[in-house]
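For reference, the structure is listed below as structure tokens.
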Amino acid sequence: MKHSWILAAALAISACSPQIYSMYLDVRHPSPSGLTLSGKDISIVYMDGTTQVDSLFDRQVASSLARQLEADYFNGQEKVGIYRIPSADTVTLDRMHSLVMETEGDVVFLLQSKLGEPTLETNQPVAGAASLDSAFICPALVPVKLQLNVYDSMGEDKVHNYNGSAVLRTQVYNSGILTDDGLKALSLKSMDAQADKVGERVSTRFLSNWITESFGFYYYDPSASDIWVDALVKVLDGELTSAVDKWGLLVKSGSAQKRACACYNIAQAFYLMEDYELASRWLDEAEKLENVSLAPGLRKRLASHLEK
């Protein structure tokens, strides 16, 4: 264990009474949008565009957005459902309620975009082209407007609206004999990479805001039992479940004070794992056993999540 000997040395001078070991850990906070998405099922719905190109672009944006959300909230697992619906001029609260039922998502993202007419730059020959179809390359600028509506069925009963626009740069290989209209059509069909970037850019508003905070864990003289040290090492290594297993060995034996400290540590580990209900239950157990000095701080942290 990479932290084991360092931690053991640091704790070697502890007394028989409980001591507090402080460490700084990263904690998930709501996204810049203000929405709390952790622990919720997420669905992304895209509307059919006025053209097939628009629909394909939206599908790609939705896929890119889903990957970013999955990386942040689901450890990269494919958990975000993607759905397609007919286009509509307006988005109502009732429609978002329906989409929650249809997709079984706690949070629904509804997006629709519109690609504008490309502006072509100079079609230039490619040195050493591998084929006639790629003998020229034509850069193009494509305007896009994106409308995104988000509804959190576990939060405030309102639709959150986000609108944006951008000019995306693409380029198409061609034979050099296409008309401008042909080049523009190719430009619109070559927007996959740009759609990925749009999805990534949109996602930044909804990804977690990670903040480093200080946390204190109880421990006792490691010469009496190395379980306290082993559990703290697990926390430092990011193995919170293993740390809970270690403290679980201490909650049924020893003094009420030691059992209360172990229960508190377990509660805080569940808080860090974002299981706030279990964290609250273990904190209740700790306070039933003993007056734990760190309990009010953790209770306050839990309240900010449980009241939502």
Potential lengthening between ASP275 and THR204 on full extension [0.36 nm per residue; Cα-Cα distance subtracted]: 23.1 nm
Give me, ordered by chain and number, the residues 5 or more places off LEU168 or on other chains with an amide H under 5 Å from its own placed amide H. VAL142, VAL144
Expressed as a whole number of Å, what is the distance separating the alpha-carbon centroids of segment 102-161 and segment 40-69? 9 Å
For segment 53-66, just list the computed ³J(HN,Hα) in residue order, Karplus coefficients 6.51, -1.76 and 1.60, θ = phi - 60°, integers in Hz, with x standing in for Gly and Pro. 4, 4, 5, 5, 5, 4, 4, 5, 4, 4, 5, 5, 4, 4
When the label point is put 7 Å from the Cα of THR241 along its Cα-to-beta-carbon vector, which residues of segment 72-87 have a backbone N closer than 20 Å? 72-80
Name the long-range amide H neighbours of LEU294: under 5 Å, sequence gap of 5 or more, or other chain; modelled H, no Pro or chain starts. none
Can you give me the three principal axis dimensions of segment 140-203 from its C-alpha atoms, in Å, biggest first? 56, 18, 15
Anchor LYS197: aspartates and glutamates whose Cα lies under 13 Å away (excluding residues fewer than 8 positions away in-chain): ASP58
Which residue, TYR151, TYR24, TYR83, has the most motion in a Gaussian network model of the chain that connects Cα atoms within less than 10 Å? TYR24
Going Cα to Cα from LYS158, which lysines come in below 18 Å? Please leave out same-chain ones fewer than 8 positions away. LYS40, LYS308
So between LEU25 and THR50, what do we pick up on full extension, going 0.36 nm a residue minus the alpha carbon distance? 4.2 nm
Once the Cα gyration tensor of the chain is found, what semi-axes does its equivalent ellipsoid get, as square roots of 5 times the eigenvalues, in whole Å, sorted largest first? 54, 24, 13
Which three semi-axes in whole Å describe the equivalent ellipsoid of segment 23-127, each the square root of 5 times a Cα gyration tensor eigenvalue, listed largest first? 30, 22, 12
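Since every read-out is calculated from the coordinates, none of them should be taken as a lab result. Model, not experiment: these values are computed from the prediction. Positions of Cβ are generated from backbone atoms using ideal geometry, with glycine treated the same way; all protein chains shown enter the neighbour counts.
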